[in-house]
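Let me begin by presenting the structure, written as structure tokens, before commenting on it.
Any read-out appearing in this document is the output of simple, stated calculations on the displayed coordinates, not a laboratory observation. All values reported here derive from a predicted model rather than from experimental measurement. FYI the Cβ positions are ideal-geometry reconstructions off the backbone, even for glycines, and counts take in every protein chain you see.
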Amino acid sequence: MSDQYLAAPVPADESARVEEASAAAPGRRNPLRGAAGRNLGLVIALVLVCAVGVATAGERFASVDNLMTILRLAAVLGVVSVGMTFVITAGGIDLSVGSVIGLSSVWASTLATQAMAQDFHWVVIVFTALAVGLGAGLVNGVLIAYGRVVAFIATLAMMVAARGLAEVIANRQTQVVRVPAFLDAFRQDVLGVPVLVWIFAVVAVVGWVLLNRTTFGRRTIAVGGNPEAARLAGINVKRHTMYLYALSGLTAGIGGVMFLGRTTAGSSTNGLYYELDAIAAVVVGGTLLAGGRGSIVGTVLGVLIFTTLTNVFTQNNLSISAQAIFRGVIIVAAVLLQQRLAERSRSRAT
Amino acid sequence: MVNEDRTAAAAAPTDAILRMRGIVKQFPGARALDGVDLEVRAGEVHCLLGQNGAGKSTLVKVLAGAHQPDEGEIVLDGTPVTITHPVAGLCLGVATMYQELDVVDGLSVAENVYLGHELASRGFTQRRAAAQRSRELLRRLGHPELSPHREVGTLPAAGKQVVSMARALSHDARVIVMDEPSAVLDSEEVANLFRVVRELTAQGVAIVYISHRLEEIRQIGDRITVLKDGRTVAQGLPAATTPTADLIRLMTGRTVEYAIPRRPPVPDDAPVVLRVEDLTVRGAFADVSFDVRAGEVVGLAGLVGSGRSEVLETVFGARRPHAGRVSVDGSPVHAGSVGAAVRAGIGLCPEERKSQGLLLDEPVYRNITLSSFARTARGPFLDEAAERRVADEQVTALDLRPADPDRAARTLSGGNQQKVLLARWLVHGCRVLLLDEPTRGVDVGARAEIYALIARLAAAGTAVVVVSSEIDEVLGLADRVLVLSEGRVVHTGPASEIDEHRVLDLVMEGSAA
């Protein structure tokens, strides 16, 4: 037992260092509070964007109507970004979600514009879009997990192919949905808040619970953090990977039907570039692109920051091009900041 | 200080081109180098021997300038030097050929040779000059047939190695470090490698040669330095005449006293828990059969590459066997599926804790509960309170230090990381525990604790299989020992009836056959 003291100094020394670190930054060690700290930065950014909005557009910006407009616009991107958060947390990427929004909305609108559309319940339209999204996601998942295709390539292929299929189905025309029950369902307000926003809220809450409070979420983080360790801990990494892409596809399907409900138009160009906006929102929200850490709250904040920014620019009649430049700057700034934080936490750890 | 260095250098034999003295490199939680001495003469092939984890690769990186030593001095050609980064090492004439061939497949031979120090004029590469000089270097290496314009990706491994050597020469290297250069070569290519090495040494270049293959070292080496646990345990041994058994004993022998607790013998009527029958993975091992009874510890002894780790991984379902069966408590386990093995009650603490075992950035308690959601979760929903309760029990029971379940696993020392992995399977409540190098990178104090823990597990009726490079550790822990050599079981018997020498003899006989 005299050997014991040989081992003791190292841990004792390290714990002292950690105490020091936690004294300097209270609660940094607690992962939940650490995430809260990161989210605080995002909240500050969002408040800043809003302040600029109020300063430059005044009443036009700071009205309930405008708030609802922002949220309604944020809803589709938000739902898709929640799915994307899971994929990226597990160390993957899904480039196909924008195209899957297009495909699922076109597929659903084609169904809804048939003569028989009046005969069936509007929920059929919804389920069609969800099934199309889920199906596309499953194809991605099977290719990546069991076909061992790199996620970037598999979903890139799906991105191109799903857009093409949407064009074929839509015959390059925009189909306007005129099923009153369907449109009413998506355009009404519940408790003064649009249904689209409710859907976003529900998906975000379900996503948060799934990532933070279920074994599925814990396994997602494990697969992203160290796939080999996850496999040797008995997790079925392949099956889990497949589920993740199916989940992302499903959220894209939900996004597709929301898009249809908002615009009434089923067009193959629906959801163009949404994959890029979603990835940007997820990464700005603090989810590590390398996997192993994810934040639904961060993603939601990221989506709100981008959407609010768009709104502020529109209110001030600034061009879309100027917006795009500014968004690029924000992405780079956020990622640089994240890397600094990650390096700091790593140097503390080692 | 400077004066001291001068005198030291003056006192050194004039032909020592490289001297490293008292090199220490501390990593978080592990002392990778703990006082290494190395002396290399011009024109010799100096072999560096040591087991995985002995510190060879770290030493190479220190020499190449990829790591900075915390203590110690490096004297090159009589001048003390500080190698601050890889380019500085090259400028001083120290070139390294890493274990993984460090060539770019998409570039030509000449482009690879001058990678990083391209011949250029005003920013434009001078392709013709590079090709010309590469041709000269290749001729010097005895490979005039290699075209400088050939794409490196189309070359066989031996050809890539020649390119790698040409690159080392292009820096006017006086010391070339070769980290397991023969690992990717067949016997004919090895012969060619040796020819090149001899030509280089004839020109006065010193080679630091790292290999696990002792017969190679006999063939090509001049002198040997042996590392163990980050220390030099022997240096300047004649490569041709030092007995093999001595070398292996130096590499594997214990240098510190530690206590392996005595255990009562396993009762004869103890039921068989794990049964492995005729397990075969082609290219790794063949026809391995053994039983492990409740409360029994079975050890697998053998050298690196004998198939011992592969056997464990296959029993655990991480590799798919070509033939054979594994059963736990009489029921067969679906082959090639980790999930099935875990459900059957098999747990594995893998050889590489960091890359194969832990979620380094996740807190300790989540690492502990990763395989036991069936116990801690309510259906699909996590129960963090239950997880913490379960983890706290283990942290206390295993005396994890610091006793903080919220720390990231990365920040723990090697011994404590191993305890976290053991805790994972303790929580899972496994019937069979497979331990691959359970004490590698573990300091002395924690070692004793891990031994005690293994004894406790066995006493509780767990069937344990241990693999270790340290033969005396296997013999001390195990009730029964299987000796593996080149993928075959060459001996099975009680651990008390065999000693380290006999195991080494068996290993030697097996590889000679």
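Summary of the geometry: the range A:238-266 and the range A:65-130, compared by the centres of their Cα atoms, lie 5 Å apart.
Rounded to the nearest 500, the helix-only mean residue ellipticity at 222 nm of the protein assembly as shown stands at -16500 deg cm²/dmol, with each DSSP H run of n ≥ 4 adding -39,500 (n - 2.57). Calculated over the range B:271-369, the projected area of the Cα convex hull averaged across directions stands at 7.0 nm².
Which whole-number percentage describes the relative contact order of chain B, with Cα contacts under 8 Å and a sequence gap of 6 or more? Over chain B, the number comes to 15 percent. Remark: spin-label model distance A:Ala181-A:Leu138 equals 2.6 nm, labels positioned 7 Å along the Cα→Cβ axis. For the Cα trace of the range B:358-429, dividing Rg by the Kirkwood Rh returns an Rg/Rh value of 0.94. Counting Cβ atoms of other protein chains within 10 Å of each residue's Cβ and taking the mean over peptide A:205-212 gives 1. Each residue of the range A:227-233 was assigned a 3J(HN,Hα) from its phi angle through the Karplus curve 6.51 cos²θ - 1.76 cosθ + 1.60 (θ = phi - 60°); the sequence is x, 5, 5, 4, 5, 6, 8 Hz, with glycine and proline shown as x.
Neighbours of B:Arg389, meaning other residues whose beta-carbon lies under 13 angstrom from its beta-carbon, give a summed charge of -3 when Lys and Arg score +1 and Asp and Glu score -1. Calculate the dipole size of the range B:391-501 relative to its Cα centre from +1 charges on Lys and Arg beta carbons and -1 charges on Asp and Glu beta carbons; express the result in debye to the nearest 20. I would put it at about 380 debye. Relative to the longest principal axis of the Cα atoms of chain A, the long axis of helix A:320-349 lies at roughly 20 degrees.
Between 0 and 90 degrees, the angle of helix A:195-213 with respect to the longest Cα principal axis of chain A falls at about 30 degrees. Rounded to the nearest angstrom and listed largest first, the equivalent-ellipsoid semi-axes of the range A:45-86 from its Cα gyration tensor are 25, 13, 5. What's the long-distance tail for the range B:120-245, i.e. % of Cα pairs beyond 19 Å? Distances greater than 19 Å cover 54 percent of the Cα pairs. Calculated from the alpha-carbon coordinates, chain A shows an Rg and a Dmax of 22.3, 87 Å respectively. Around the amide H of A:Val176, modelled in the peptide plane, lie the amide H atoms of A:Gly266, all under 5 Å away and 5 or more residues distant in sequence or on another chain.
Among A:214-225, B:233-244, B:130-141, sorting by the average number of other beta carbon atoms lying within 10 angstrom of each residue, highest first, gives A:214-225, B:130-141, B:233-244.
Here the extension length gained between B:Asp77 and B:Cys91 equals 3.7 nm, from 0.36 nm per residue of separation less the Cα-Cα distance. Axis of helix B:2-11 versus longest Cα principal axis of chain B: the two differ by about 80°, to the nearest ten degrees. From the Kirkwood radius over Cα pairs of chain B, Stokes-Einstein at 25 °C and 0.890 mPa s returns a whole-number translational diffusion coefficient of 98 µm²/s. A cut-off of 5 Å between modelled amide H atoms, ignoring neighbours fewer than 5 places along the same chain, links B:Cys47 with B:Tyr209, B:Asp222, B:Arg223, B:Ile224, B:Thr225.
Measuring r between the beta carbons of B:Glu497 and A:Leu337 and using R0 = 45 Å, the FRET efficiency lands at 0.10. Ordering A:Lys238, B:Lys228 by the number of other Cβ atoms within 10 Å of each residue's own Cβ, fewest first, gives A:Lys238, B:Lys228. The separation of the range B:31-110 from the range A:193-228, counted between C-alpha centres, amounts to 47 Å.
Antiparallel versus total DSSP beta bridges in the range B:430-508: what percent is that, nearest 5? For the range B:430-508, the DSSP antiparallel bridge percentage is about 55. Note that the range B:139-155 has calculated 3J(HN,Hα) couplings of 5, 4, 7, x, 10, x, 6, 6, 7, x, 8, 5, 6, 5, x, 8, 7 Hz, one per residue in order, obtained from phi through the Karplus relation 6.51 cos²θ - 1.76 cosθ + 1.60 (θ = phi - 60°); glycine and proline are x. Using the Cβ-Cβ distance between A:Ala55 and B:Ala129 with R0 = 56 Å, the FRET efficiency computed as 1/(1 + (r/R0)^6) comes to roughly 0.35. Placing a pseudo-label 7 Å from each Cα along the Cα-to-Cβ vector at A:Val43 and A:Gln173 gives an inter-label distance of 5.1 nm. If you take the alpha carbon atoms of the range A:92-193 and fit the smallest convex hull around them, that volume is 120 Å³ per residue. Taking other C-beta atoms within 10 Å as the exposure proxy, A:Leu103, B:Leu435 rank B:Leu435, A:Leu103 from fewest upward. Going by neighbour counts of Cβ atoms within 10 Å, the residues A:Ser99, A:Ser268, B:Ser182 line up, fewest first, as B:Ser182, A:Ser268, A:Ser99. A Förster radius of 45 Å, combined with the Cβ-Cβ distance separating B:Arg375 from A:Asn317, puts the computed FRET efficiency at roughly 0.15.
Counts of other chain beta carbons within 10 angstrom of each beta carbon in peptide B:394-404 average 2.
For the range B:32-48, 3J(HN,Hα) computed residue by residue from phi via the Karplus equation (6.51, -1.76, 1.60; θ = phi - 60°) reads 6, 10, 10, x, 9, 10, 8, 10, 10, 9, 5, x, 10, 9, 9, 8, 10 Hz, glycine and proline entered as x.
A crude spin-label estimate for the pair A:Gln114 and A:Ala265, with each label 7 Å from Cα along the Cβ direction, gives 2.5 nm. Summarising the amide proton neighbourhood of B:Glu296: residues at separation of 5 or more, or on other chains, whose placed amide H is nearer than 5 Å comprise B:Val464.
With equal scatterers on the alpha carbons only and no solvent term, can you work out the Debye log10 of I(q)/I(0) for the range B:104-172 at 0.28 1/Å? Scattering profile of the range B:104-172, log10 relative to I(0): -1.36. Thinking of the protein assembly as shown as a set of Cα atoms, what percent of all their pairs are more than 53 Å apart? For the protein assembly as shown, the share of Cα pairs beyond 53 Å comes to 26 percent. Counting only other chain Cβ atoms within 10 Å of each residue's Cβ, the peptide A:230-241 averages 6.
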